[in-house]
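Report on the following structure.
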Amino acid sequence: MSLMRNVYREGESLARQIESTRVPDGMLAVWHLGQESVAVKGGGVIGYFDPYLTDSVAEADPDGPWKRAFPSPLPPERITHADYVWISHNHGDHLDPATLAGIYRASPRVVFVCPAPLAGILKEIGIPEDRIVTVKGGETIRLGELSVDVIPCKHEEFDRDADGNYPYVGYVVRWNGVVFYHAGDTILYPGLAETLRTHRIDIACLPINGADLKRREAGIVGNMGFREAADLAAAIEADLAIPFHYDLFPFNADNPSYFVDYVVREYPYQKFKLMRVGERLLYASEKA
């Protein structure tokens, strides 16, 4: 009999785990769902960041390189428990109409949070206006017991719409006594580390897939790489760094072991966690 077993879950088993996990005060539960898709639970509130849980990008471009490297760990229609869904920007692996429509139909109380320029896209999906909260870079909003700071992202430029609003953002959420940062897609830019440091971030979820000429010529917008992500985590004094955006599309990825090696060599006291798809992390804030 094998002593080894999977440390992750999928499908009905994963959905039940998200629903049943008890999260005491001063803690968060985090599940990695692939790419930059993350489920988070704390204080009885369940949220999803940039959920991409279908294969719709590949279906829209059958001859392209967008086929998933692994199946979705959780069908959107099984997410009956979502309170909030945060969208960072309008790329198909971050704002997926099929995933969002599925969650909306299945979760009766879900509210969608997105940059102001994207509200029309959500309405086109069929999400009513009273279930959409639009945000602007640099502002702070309240969502029930949660406090959310909206961080402008440079992906790879600072784009703005006609009203001056950023279409790319990240989120710092004060949640059940933990400060959680989901970077969305961004490169480093002057002032980012200084802004983030003031929030005393506990968990920093950061993209590491980087950028290069070949991908830019293919129209693929880049992110910070593994070195920059590690440098940023250390600069903002994040308690725990979690790398993301390296696993779903092999042509637009990087080896996460490079991140691990760099952190161990350059920042030996920086905590990090390399999560597998469907894996649960239970985090207790050192501030509690």
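Quick notes on this one:
- Exposure rule at most 15 other beta-carbon atoms within 10 Å, DSSP loop GluC sites (Glu not before Pro): the chain longest free segment: 1-138
- If you take the alpha carbon atoms of segment 44-137 and fit the smallest convex hull around them, that volume is 106 Å³ per residue.
- Reachable lysines from K136, criterion Cα separation under 27 angstrom, eight or more residues apart if same chain: K41, K123, K154
- Under 11 Å, Cβ to Cβ, from K136 - net charge with Lys/Arg +1 and Asp/Glu -1: -2
- Straight-distance crosslink candidates among lysines, where the alpha carbon sits under 17 Å from K287 and sequence neighbours closer than 8 are dropped: K271
- Cβ-placed point charges (K, R +1; D, E -1), dipole of segment 1-90 about Cα centre in debye, nearest 20: 440
- Estimated translational D of the chain in µm²/s (Stokes, Kirkwood radius over Cα pairs; 4 °C; 1.567 mPa s): 68
- Averaging the sequence gap over all C-alpha pairs within less than 8 Å and six or more residues apart, then dividing by the number of residues, gives segment 159-288 a relative contact order of 21 percent.
- Looking at segment 195-288, the trypsin sites (Lys or Arg not before Pro) that sit in a DSSP loop and have at most 13 other Cβ atoms within 10 Å of their own Cβ are R276, K287.
- Rounded to whole Å, the principal axis extents of the Cα atoms in segment 110-197 read 37, 34, 18, largest first.
None of the figures in this text is laboratory data; all of them are computed from the coordinates on show. Computed from a predicted structure; not experimentally measured. Reconstructed Cβ throughout: ideal geometry from the backbone, glycine too, with neighbour counts over all protein chains shown.
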